[in-house]
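Everything below concerns the one structure shown next.
Since every read-out is calculated from the coordinates, none of them should be taken as a lab result. Bear in mind the structure is a predicted one, so any value in this text is a computation, not a measurement. Note that we place each Cβ from the backbone using ideal geometry, even for glycine, and neighbour counts take in every protein chain shown.
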Amino acid sequence: MLQDKVKLNIDGEKVKLHTKNLRPGMYVCELDRPWEESPFLMQGFELKCQVDVEAVMECCEYVYIDVRRTDVLSMTLEAPPVGFLPEKKFSSLEGEIGNAEDTRKQTSDLIKSFIDEVRFGHSLDIQLAKSAVSECVASVLRNPNAMMLMTQLKKKDEYSCQHAFNVCIYSIILGRLAGLGGKDLEGLGTCGLLHDFGKMTTPVEILNKRGRLTPQEWAIMKQHTTQGRKILLSGKNIFGGTVEVAYGHHENLDGSGYPRGVTESQLSLNTKIVAVVDKYDAITSPRPHRDARDHLHGISVLTKMAKNRQIDAILANRFINYLGVYPPGSIVEWSSGEVAIVLESNPKQRLCPQVLVVRDSDKNPVERFVDMGKGACKITAVHDTGAFGIEIGQYRDAILRAMS
Ligand SMILES: [Fe+2]
């Protein structure tokens, strides 16, 4: 099903792409016909502008892109796929943000209670997780940007809880992009929510270690996959998908992962989806041993891992394309020096999102809602989470006010 929807294949360093998906910034290294039969003089060239793109579209149905010579930004400018549009009623961000906040709180409370249950050696009731996730699915299908904002409320000391929530939400979004719906999304979100519960048995001094792990510590860390499997197998109302994903989310398609070293054909779609979004969230979240890396770093790592056949290239590209250049929660700076938090992208102007300005040009605190699609402001920089002391969680009320 997914293969039919996304005609994209990675072959080593090359990506096969339908010409309707070409963007300026991509490097064309091979055509669907001999170069001699094309009007192009150079056997390999960068698409510098839309005119170049249209010239290729005129003579070819598909081409190959050299990923190493392609600007990563050009991979992110595609509008969200039509298939993502919610099935029923689409809420505005203003209409959804309050629901999203309530759902985030309820889900976080459930995760915290589950963490306690595991620490006390009690079994988990997976049906409770599924019920909480069904609310997350409903919110994402009404308006994914509200939940996307909730994923940005990242704090170092709450990593386990926030990571479980974020992987749940990102999994639902990527599952939707892959064509899943209803109960499948609930199951997938539950897999995302519980994928790392094995870490509750990992010693805290290893989980929170600031330096590099020793080989012995790393071996213990890796056991969270087998421990997770064990915990979820002993739960009430077992759901096989969660067991499979907890066990398999660190496996790589080429067999280089752990704990079993299995390859692509032995990994479920749920496992492949969680593997992609787990890596993105881990990279872009603050950790005990390092600060959060920014969104562009996150997607460049995903691109590299897809090229190396560690993660599924089709899913990774879908996720990258969906996130775009400035996903909700990004901290951006304007040419004026003002700094803002991205709230929602404008579908027709993805480079001009709606934002909450939180620093003036002297970097003094302010709070002002601006729709960049209606003004002349220009983004000149994207900053890491936490830049200028901006903790998005502190702006939760201001965001709710700006949206109401
Ligand atoms: Fe993990």
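Shape call for the chain from the C-alpha gyration tensor, a ≥ b ≥ c root eigenvalues: rounded (a/c under 1.5), prolate (a/b greater than b/c) or oblate? Verdict is oblate for the chain. Other residues whose C-beta falls under 14 angstrom from the C-beta of ASP109 contribute a net charge of -3, scoring Lys and Arg +1 and Asp and Glu -1. Compared with the alpha-carbon gap, the fully stretched path from ASP291 to SER256 is longer by 9.9 nm at 0.36 nm per residue. A straight chain from LYS105 to LEU233 at 0.36 nm per residue would run longer than the Cα-Cα distance by 43.4 nm.
In terms of other Cβ atoms within 10 Å, HIS163, HIS297 run from fewest to most in the order HIS297, HIS163.
If exposed means no more than 16 neighbouring beta carbons inside 10 Å and the site is in a DSSP loop, what's the longest run of the chain without any exposed trypsin sites (Lys or Arg not before Pro)? Of all site-free stretches, the longest is 261-347. May I ask you to derive the relative contact order of the chain, considering only C-alpha pairs under 8 Å and at least 6 residues apart, and to give it as an integer percent? With pairs under 8 Å counted, the relative contact order is 14 percent. One decimal place: the segment ASN308-LEU400 gains 29.0 nm when fully extended, by the rule 0.36 nm per residue minus the C-alpha distance. Here the chain is assigned +1 on the Cβ of each Lys and Arg and -1 on the Cβ of each Asp and Glu. Its dipole about the Cα centre then comes out at about 720 debye.
Only helices enter this figure: runs of n ≥ 4 DSSP H residues, each worth -39500 (n - 2.57), summed and divided by the residues of the chain, yield -13500 deg cm²/dmol at 222 nm to the nearest 500.
Here's the picture: a label point sits 7 Å out from the Cα of LEU351 along the beta-carbon direction, and within the range 18-35 the residues with their amide nitrogen under 19 Å of it are 21-27. Within the range 17-68, the GluC sites (Glu not before Pro) that combine a DSSP coil assignment with at most 15 other C-beta atoms in a 10 angstrom radius are GLU61. For the chain, a Gaussian network of Cα nodes joined below 10 Å ranks GLY181, GLY228, GLY329 by mean-square fluctuation, and the top entry is GLY181.
For Cα pairs less than 8 Å apart in space and 6+ apart in sequence, what is the mean separation divided by the residue count of the range 331-403, i.e. the relative contact order in percent? Once divided by the residue count of the range 331-403, the mean separation gives 31 percent.
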